[in-house]
Structures are given as C-alpha cells and as structure tokens.
Amino acid sequence: MKTTMQKDTLLKAVKNLTLLVQEPARPEAQLLERAGQIMSELVQTDDWLDDEFARPHPQFYQQYLLYGDPLDRFSLVSFVWGPGQTTPVHDHTVWGVIGMLRGAETEQHFSVNDQGLLVATGKPGTLQPGQIACVSPSIGDIHQVSNAFQDKTSVSIHLYGGNIGRISRHVFYPGTNQSKTFISGYSSHVSSNLWAGPRA
Ligand code: FE2
C-alpha cells in the first residue's frame, strides 16, 4: 500500500524540478548539481513508485513516463530492466540525471577515436540504489546501460532536460562510424498520477 505521504515523494521532486528550470539560466555543471540533489533525494526511498511503472517486459526494457513538463523543459521516466536486458549504444542530446532505485545497472561509456570510430572508454561502472549518474553532450553522452542482474528486475529513475520520448537521437554501432536516428517514445500511454492519494 502506498500512502499519500509516500506518493508525495514524486510530487515533491516534480515541484522542485519545476522551480529549478524556472530559475535564470545557469552553467550546466551547476544545473546538474542541483538536479542531482533532487534526484538523489528521490531515490533514497523505494516506496513510492506505482507497480504499473515498475513492470518489466519479458523481451524489452521499459521506459514509463512519470511526468513530462508541459514546456518540455524536463521529463521523468522510470526505466525497468528485466533480467539481463540492455540498451543499444545510444545518445540523448540533452542533459540527464539517472538515479538508481532498485537492483543495479551497469554503464559503459563510448567515444569517437582518432579514426572516427566509436569505441568503449573506461571500464563499466555500476550504479547501486540511492546513487546517481549524469549524462550530457558536454560531459559524455554516448553510453550503453544494462541490468546488472541476470535473475531479477532493476529500476532506475531518469531525469532529462527535455521530453526524452519525443527527442530525435541516435543509436550507434561500436567499431564503426555508423549511427541511425530514433525516437524512443514511451512504453505506456498513461503517466503517473502525482495526486492519486492513498491506494488500497
Ligand atoms: Fe541513456
């Protein structure tokens, strides 16, 4: 059962993010720091996400829209990884903050080498519940994310500086200079009700 107070966890984050993007433009590093604080607080507890938005698919990782700013200044999405599921190598084209809610995920960064080919950079990192990570075109925007577990579901909450489901971005093929554009959309036609109150 989720109480009103528990549901307010998400509403509080949406309120704080709305206040943040209303402020005068600031350097991206400062924006990411502030957004990271809000996201860190959001994933410190795992009692607020409705089951509908934590449901894995047997084949495909899921991306459920939790909230989309009407002016497309930010969006909040729950990513649900079934056992062993992984993304293609992809970019975002906007800044983003990832907060780990449940389970764990691994992240491998990629960059273009001197020959113009996309290669993995650094070792894969693992994100544990309560931890956050950032992406953006200015600090590294190409990565591949996987469920760290082969036997259970993982859930992370993603904040992006745009409506990520509507943005045209890219899938890449490591070892080549090839990419293709895609628009991810969302896995559900409904989003979370921030004002639902207690649930039975
Ligand atoms: Fe990503």
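The values are calculated or read from the model by the stated rules, or taken from the named source; none is laboratory data. Bear in mind the structure is a predicted one, so any value in this text is a computation, not a measurement. Don't worry about glycine lacking a Cβ; one is built from the backbone with ideal geometry, like all the others, and counts go over all protein chains shown. We work out accessible area using only protein heavy atoms, side chains counted, and drop any ligands, DNA or RNA first. Shrake-Rupley method; radii C 1.70, N 1.55, O 1.52, S 1.80 Å.
Worth pointing out:
- Here the condition is being at pLDDT below 95, surrounded by 15 or more Cβ atoms within 10 Å (Cβ to Cβ) and of a type outside the set (Val, Ile, Thr); of GLY165, GLY140, GLY161, it holds for GLY140 alone.
- LYS123 fulfils the conditions (1) assigned to a strand (DSSP E or B); (2) touching a residue at least 24 places away in the same chain (Cβ under 8 Å); (3) more than 15 Å from the ligand (Cβ to nearest atom) except for a single criterion, (2).
- Just one residue in the set PRO83, PRO70 is part of a loop (DSSP other than H, G, I, E, B), surrounded by 14 or more Cβ atoms within 10 Å (Cβ to Cβ) and out of contact with any Leu (no Cβ under 9 Å at 6 or more places or on another chain); that residue is PRO83.
- Hits in the range 91-119 - residues which are of a type in the set (Val, Ile, Thr) and buried (at least 21 other Cβ atoms within 10 Å of the Cβ): VAL97, ILE98
- Residues located in the range 126-159, provided they are polar (S, T, N, Q), closer than 18 Å to ASP46 by Cα and more than 12 Å from the ligand (Cβ to nearest atom): GLN128, GLN131, ASN147, THR153, SER154
- Residue count for the range 120-137 under the criterion of being surrounded by fewer than 18 Cβ atoms within 10 Å (Cβ to Cβ) and hydroxyl-bearing (Ser, Thr, Tyr): the result is 2.
- Looking across the range 70-106 at every residue that is more than 11 Å from the ligand (Cβ to nearest atom) and among the aromatic types (Phe, Trp, Tyr), the one that is farthest from GLN30 (Cα to Cα) is identified as TRP81.
- The test for being within 21 Å of ASP46 (Cβ to Cβ), surrounded by fewer than 16 Cβ atoms within 10 Å (Cβ to Cβ) and in contact (Cβ under 8 Å) with a residue 60 or more places away in the chain does not hold for PRO88.
- So VAL145, is it in a strand (DSSP E or B), open to solvent by less than 50 Å² (accessible area, probe 1.4 Å), in contact (Cβ under 8 Å) with a residue 12 or more places away in the chain and within 18 Å of ASP50 (Cα to Cα): no
- Among the criteria (1) surrounded by fewer than 17 Cβ atoms within 10 Å (Cβ to Cβ); (2) in contact with a Leu (Cβ under 8 Å, 6 or more places away or on another chain); (3) assigned to a loop (DSSP other than H, G, I, E, B), the one VAL190 does not fulfil is (2).
- Checked against the criterion of being touching a residue at least 24 places away in the same chain (Cβ under 8 Å), in contact with a helix residue (DSSP H, G or I) (Cβ under 6 Å, 6 or more places away or on another chain) and either assigned to a loop (DSSP other than H, G, I, E, B) or under 16 Å from SER78 (Cα atoms) (or both), the candidates GLY99, GLY130 yield just one match: GLY99.
- Residue in the range 160-174 that is within 12 Å of the ligand (Cβ to nearest atom) and in contact with a Pro (Cβ under 8 Å, 6 or more places away or on another chain) present: yes
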